[in-house]
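S.K.: Structure in structure tokens, see below.
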Amino acid sequence: MMKLLARFVFWLTGWKVKGNFPKGLKKAVMVAIPHTSNWDLLYSRAAFYILDVPVRFTIKKEVMVGPLGWFIRGLGGMSIDRKKIAGKRKQTYTEAMVDLIKNSDELVMMVTPEGTRSYAKRWKTGFYHVAEGAGVPIVIGFLDYKKKHAGIGPVIYPNGDLEGQMEDIKSFGRTVTGKYPEQGIL
């Protein structure tokens, strides 16, 4: 049902999907770039339905109540419970996401590295640490509003070179245009 609805949305708006999700890949961190608009969720989620990518995203557990929670879960939202670690401190968001991926048979976790829809000079690096900690690759998902393309870009395997690999991801991101280009990747 959702795949059919996604195809209709893309047909209606003139968007196309590009690339393919790597065959046989069951776990990954998906970075969705660039993130400049609330519309990004609609187009990226539709593209991933069309491409059969079982993508999920995290949200604070406090938001996942009532009808809003049901709706968000239906789109692939997962609540994060930052429980205490053996009576000490609360888990970090990164630790909780690593645990979610490690304890799942199949999970592609979508994140936006900018952490905001506005221009971010410095990206959050948690997604890299999640991928590294869970031993999974980073798949680049993208939206190009100029070409009306949504899809899958390169796959990055974390190798410990955080700065270099972040620059590789940003370099690819500079080849696509966000809804609000001035808020995108410079």
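S.K.: Is it true that D99 is free of Cβ contacts under 8 Å to residues at least 40 places away in the same chain, buried (at least 16 other Cβ atoms within 10 Å of the Cβ) and part of a helix (DSSP H, G or I)? Explain how you work it out, then say what you get.
M.R.: Numbers: free of Cβ contacts under 8 Å to residues at least 40 places away in the same chain: yes; buried (at least 16 other Cβ atoms within 10 Å of the Cβ): yes; part of a helix (DSSP H, G or I): yes.
Yes.
S.K.: Follow-up. Please give the number of the condition L42 fails out of (1) free of Cβ contacts under 8 Å to residues at least 40 places away in the same chain; (2) loosely packed, with under 12 Cβ neighbours inside 10 Å.
M.R.: Only one criterion in (1) free of Cβ contacts under 8 Å to residues at least 40 places away in the same chain; (2) loosely packed, with under 12 Cβ neighbours inside 10 Å is unmet by L42, namely (2).
S.K.: Is there a residue being among the acidic types (D, E), open to solvent by 20 Å² or more (accessible area, probe 1.4 Å) and either in contact with a Leu (Cβ under 7 Å, 6 or more places away or on another chain) or modelled with pLDDT under 80 (or both) anywhere in region 74-85? Before the answer, list the steps.
M.R.: We begin by selecting, within region 74-85, every residue among the acidic types (D, E); these are 81.
Restricting the remaining residues to those that are open to solvent by 20 Å² or more (accessible area, probe 1.4 Å) gives 81.
The next check asks that each one be either in contact with a Leu (Cβ under 7 Å, 6 or more places away or on another chain) or modelled with pLDDT under 80 (or both); those that pass are 81.
Yes, because at least one residue in region 74-85 is among the acidic types (D, E), open to solvent by 20 Å² or more (accessible area, probe 1.4 Å) and either in contact with a Leu (Cβ under 7 Å, 6 or more places away or on another chain) or modelled with pLDDT under 80 (or both).
S.K.: Select from region 1-15 the residues that are open to solvent by 100 Å² or more (accessible area, probe 1.4 Å) and out of contact with any helix residue (DSSP H, G or I) (no Cβ under 7 Å at 6 or more places or on another chain) and write down the one among them that is nearest to L51 (Cα to Cα).
M.R.: The initial filter retains those residues of region 1-15 that are open to solvent by 100 Å² or more (accessible area, probe 1.4 Å), namely 1, 4, 7-8, 11-12.
Next cut, out of contact with any helix residue (DSSP H, G or I) (no Cβ under 7 Å at 6 or more places or on another chain) only: 1, 4, 8, 11-12.
Numbers: M1: 14, L4: 12, F8: 14, W11: 15, L12: 18 Å.
Looking at the filtered set, the residue picked out is L4.
The values are calculated or read from the model by the stated rules, or taken from the named source; none is laboratory data. Quantities reported herein were computed from a predicted structural model and do not represent experimental measurements. Every residue, glycine as well, gets a Cβ built from its backbone with ideal geometry; the counts of neighbours run over all protein chains shown. The protein model used for the area step is the full one, side chains on, heavy atoms only, and it has no ligands, DNA or RNA in it. Shrake-Rupley method; radii C 1.70, N 1.55, O 1.52, S 1.80 Å.
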